[in-house]
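Novice: Let me begin by handing over the structure; questions about it come next.
The values are calculated or read from the model by the stated rules, or taken from the named source; none is laboratory data. Everything numeric in this text was worked out from a predicted model, so none of it was measured. Positions of Cβ are generated from backbone atoms using ideal geometry, with glycine treated the same way; all protein chains shown enter the neighbour counts.
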Amino acid sequence: MARQFTNVLLSTAAIGIAMALSSSAYAQVATTLEQAELAGLSPEVKADVQARLAKGGQTVYEILKTDMLNNMQARHPGARIMAMDFNQGIALVEAGGKLEMVNFDPTTLTLRP
């Protein structure tokens with residue numbers, strides 16, 4: 001009985017480890033949309049995003065969203081990004097219970113006036 005429990009425990013652990021490894025590897029592979037977003041970035045921003053992507057744990061979209069949120073905090077403290085359109089350079093931002101459209105440069109992710 002103890003041996004069966006040990007086998008089940010080891011099998012469960014092996015499956016968990018395999019899932020963790022596969023999910024971190026998956027996070028490092030850019031989707032077609034993310035590849036297009038990367039292609040539109042300036043060389044400096046693209047290199048930074050690719051370096052962070054290689055570390056694993058985040059998708060391209062998550063990295064870009066984090067950068068946008070960091071750039072946005074000076075103008076909109078406590079803001080949350082609800083949606084982003086990289087082709088148009090527009091983000092829908094929620095701050096203080098209000099929704100606002102914010103324009104940004106899709107190559108550098110900096111906010112436009």
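Novice: Starting from the stretch 86-111, take each residue that is at positive phi and list its partners that are of a type outside the set (Lys, Arg) and part of a strand (DSSP E or B), counting only C-beta distances under 6 angstrom and pairs at least six apart or across chains.
Specialist: GLY89/ASN103; GLY89/PHE104
Novice: A follow-up question, please. Of all residues in the stretch 77-88, how many are more than 17 Å from GLU34 (Cβ to Cβ) and in a strand (DSSP E or B)?
Specialist: Going through the stretch 77-88 one residue at a time, the tally reaches 2.
Novice: Continuing with the same structure: Just checking, which of ALA74, ALA91 is of a type in the set (Gly, Ala, Ser) and in a strand (DSSP E or B)?
Specialist: So the residue among ALA74, ALA91 that is of a type in the set (Gly, Ala, Ser) and in a strand (DSSP E or B) is ALA91.
Novice: Same structure again: Is there any pair with a first residue in the stretch 65-80 that is without any contact (Cβ under 8 Å) to a residue 40 or more places away in the chain and a second that is in a helix (DSSP H, G or I) and surrounded by 15 or more Cβ atoms within 10 Å (Cβ to Cβ) whose Cβ atoms are under 7 Å apart and which are 6 or more apart or on different chains, and what are they?
Specialist: ALA79/MET72
Novice: Taking LYS65, is it exposed (fewer than 12 other Cβ atoms within 10 Å of the Cβ) and either within 17 Å of VAL49 (Cβ to Cβ) or modelled with pLDDT of 90 or more (or both)?
Specialist: No, not satisfied.
Novice: Hey, can you tell me all the residues within the stretch 94-113 that are in a strand (DSSP E or B) and either of a type in the set (A, V, I, L, M, F, W, C) or within 14 Å of the chain's Cα centre (by Cα) (or both)?
Specialist: Correct list: ALA95, LEU99, MET101, VAL102, PHE104, LEU111.
Novice: Is at least one residue of the stretch 13-24 at pLDDT below 90 and under 16 Å from the mean Cα position of the chain (by Cα)?
Specialist: yes
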